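A.B. asks: Supplied in structure tokens, the structure appears directly below.
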Amino acid sequence: MPRSFLVLQGTASPFFNRLTDALRERGHAARRVNFCGGDLLYGGAGNAWDYRGTPDDLSGWYAKLAQAGDFTDVIMFGDCREIHRHMHPVSQAFGLRVHVFEEGYVRPHWLTLERGGVNGRSLLPRDPSWYLDQRSVTPPSPVGRSTGYKLSERAYHDIRYRAANMLYATRFPHYRSHRPRNGVAEYAGLAVRALRQGQHDRHAERVTRELLDAGRQYYLFPLQLNSDTQIVVHSPFDGIRDAIAKVMRSFASHAPADAWLVIKNHPLDTGLIDYRHYARQLACELDMADRLRFIDAGHLPTLLEHARGVVVVNSTVGLSALHHRRPLIALGTAIYSMPGLTAQGELDDFWRDASPPDMHLYQAFLDYVVHHTQINGDFYTRTGIEMATAGAVSRLEAVHG
């Protein structure tokens, strides 16, 4: 039965526009909302509304759309953006189905599409026995087909999107991006990082050899982006520095004396906050400078494979750690944080009492998550968008048709 989709803000790419066109081709009604110049650039003005009001007026505006009865479904990328948070109570009040896209829980070659919410708002159960019971009726998770994803293509779309935001700023006078820094500052930071990438790679290789050749017992703490909603909304921390302090203070007081802590920076970190300097200063204060290694690069599978344990806030690296059978603790809200997969006690106890995951449970969990929430594709490359669009339309029609 044909449905009617209200399409809110998507990624900085053509994906949401392609998805909207594909839904119309299938006989569904679909109308986009442009909140900024980037949305206008990629979605166009035809068959779309420009929202030019304030964020505080969004709830009323959404309610009027819902009250008119023209829409059955809402599509958005990310459920924690300010422009999207106002839709959740409205959709509940009027019985609209909400479908949320996000970067893949499983990496690479996958993206996420869930009904209701993602990450901390995900409706996925946190009960291990539930996944074990579902295993008999859940197909094995397939290997994702490569999309040809390139960071350069993502950056190209992001630059175009941000440039359009500046070009059409007067058309959308009240728009506020969910990203805390302006594009010039972020790309300046990334440019500096790119110039130093060779240096970062060589340093990470030296640290990795040092760890493996000496048979060091080490714990890995991969960082996330400071602006990530997983940190801002779904964690107990004020930011990444707060998380670093928590982990390092606990490690200094409770980890075995022969253990090292390896902090790996996020590959897309802009460097606008100097985490390396902060961690080294704190290590000196905690008298653990000789047991800390901070790297800005490195081969993640190798680091995971040999780690004594892995600490995350709620990064998707957690699933990779489980794949490598590593003891894991999540300090924030994560879909995989449950008995049998992650340590359920305190961080202070994890350093000495960590246990490897139940791999039977992990496989049951992975199969269900891939089958019900993941789509093979990406948001940025031509091939990836074609794959993602086909998979998303099929999922939207099959699951909720």
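A.B. asks: Can you name the helices (runs of 4 or more DSSP H) wholly within segment 213-288 that have at least 2 residues being of a type outside the set (S, T, N, Q) and more than 19 Å from the chain's Cα centre (by Cα)? Can you show your working first?
C.D. replies: Details: elements: 229-232, 240-254, 275-285.
Result: 240-254, 275-285.
A.B. asks: Being modelled with pLDDT of 90 or more and either not charged (D, E, K, R) or not in a loop (DSSP other than H, G, I, E, B) (or both) is the requirement here; does GLU210 meet it?
C.D. replies: Numbers: modelled with pLDDT of 90 or more: yes; either not charged (D, E, K, R) or not in a loop (DSSP other than H, G, I, E, B) (or both): yes.
In short, yes.
A.B. asks: Given the criteria more than 17 Å from HIS178 (Cβ to Cβ), part of a helix (DSSP H, G or I), under 25 Å from the mean Cα position of the chain (by Cα) and of a type in the set (A, V, I, L, M, F, W, C), does LEU111 qualify? Write out each step before concluding.
C.D. replies: Numbers: more than 17 Å from HIS178 (Cβ to Cβ): yes; part of a helix (DSSP H, G or I): no; under 25 Å from the mean Cα position of the chain (by Cα): yes; of a type in the set (A, V, I, L, M, F, W, C): yes.
So LEU111 fails the test.
A.B. asks: Anything in segment 95-152 that is touching a Phe, Trp or Tyr at 6+ places or on another chain (Cβ under 6 Å) and among the polar types (S, T, N, Q)? List them, or say none.
C.D. replies: THR112, GLN134, THR138
A.B. asks: In addition: Just one of GLY318, GLY384 is touching a residue at least 12 places away in the same chain (Cβ under 8 Å) and under 30 Å from PRO2 (Cβ atoms); which is it? Step through it out loud before you land on a result.
C.D. replies: Numbers: GLY318 fails: under 30 Å from PRO2 (Cβ atoms).
Unique residue meeting the criteria: GLY384.
A.B. asks: I'd like the full set of residues that are assigned to a helix (DSSP H, G or I), touching a strand residue (DSSP E or B) at 6+ places or on another chain (Cβ under 6 Å) and either under 20 Å from GLY38 (Cα atoms) or of a type in the set (Phe, Trp, Tyr) (or both), limited to segment 49-99.
C.D. replies: Listed by number, the list holds a single entry, HIS84.
A.B. asks: Would you be able to tell me the number of residues in segment 358-401 that are surrounded by fewer than 19 Cβ atoms within 10 Å (Cβ to Cβ) and among the polar types (S, T, N, Q)?
C.D. replies: Going through segment 358-401 one residue at a time, the tally reaches 3.
A.B. asks: Of the residues ILE83, ILE159, which is at pLDDT 95 or above and closer than 30 Å to ALA185 by Cβ? Please lay out each step first, then the result.
C.D. replies: On the way: ILE159 fails: at pLDDT 95 or above.
That would be ILE83, the only listed residue that is at pLDDT 95 or above and closer than 30 Å to ALA185 by Cβ.
A.B. asks: Then there is this: Contact list please: Cβ distance under 9 Å, first residue in segment 176-190 and closer than 17 Å to CYS80 by Cα and in the same structural domain as ASN226 (by TED's automatic domain parsing), second residue assigned to a helix (DSSP H, G or I) and modelled with pLDDT of 70 or more, pairs at least six apart or on different chains.
C.D. replies: Listed by first residue and then by second, the contacts come to nothing, as the list is empty.
A.B. asks: A further question follows. Exactly one of these conditions fails for THR170: (1) under 26 Å from LEU319 (Cβ atoms); (2) modelled with pLDDT of 95 or more; (3) of a type in the set (Val, Ile, Thr). Give me its number.
C.D. replies: Every listed condition holds for THR170 apart from (1).
The values are calculated or read from the model by the stated rules, or taken from the named source; none is laboratory data. Note that the structure is a prediction, hence the values are computed from the model and not measured. Here the Cβ is made from the backbone with ideal geometry for all residues, glycine too, and neighbour counts use every protein chain on show.
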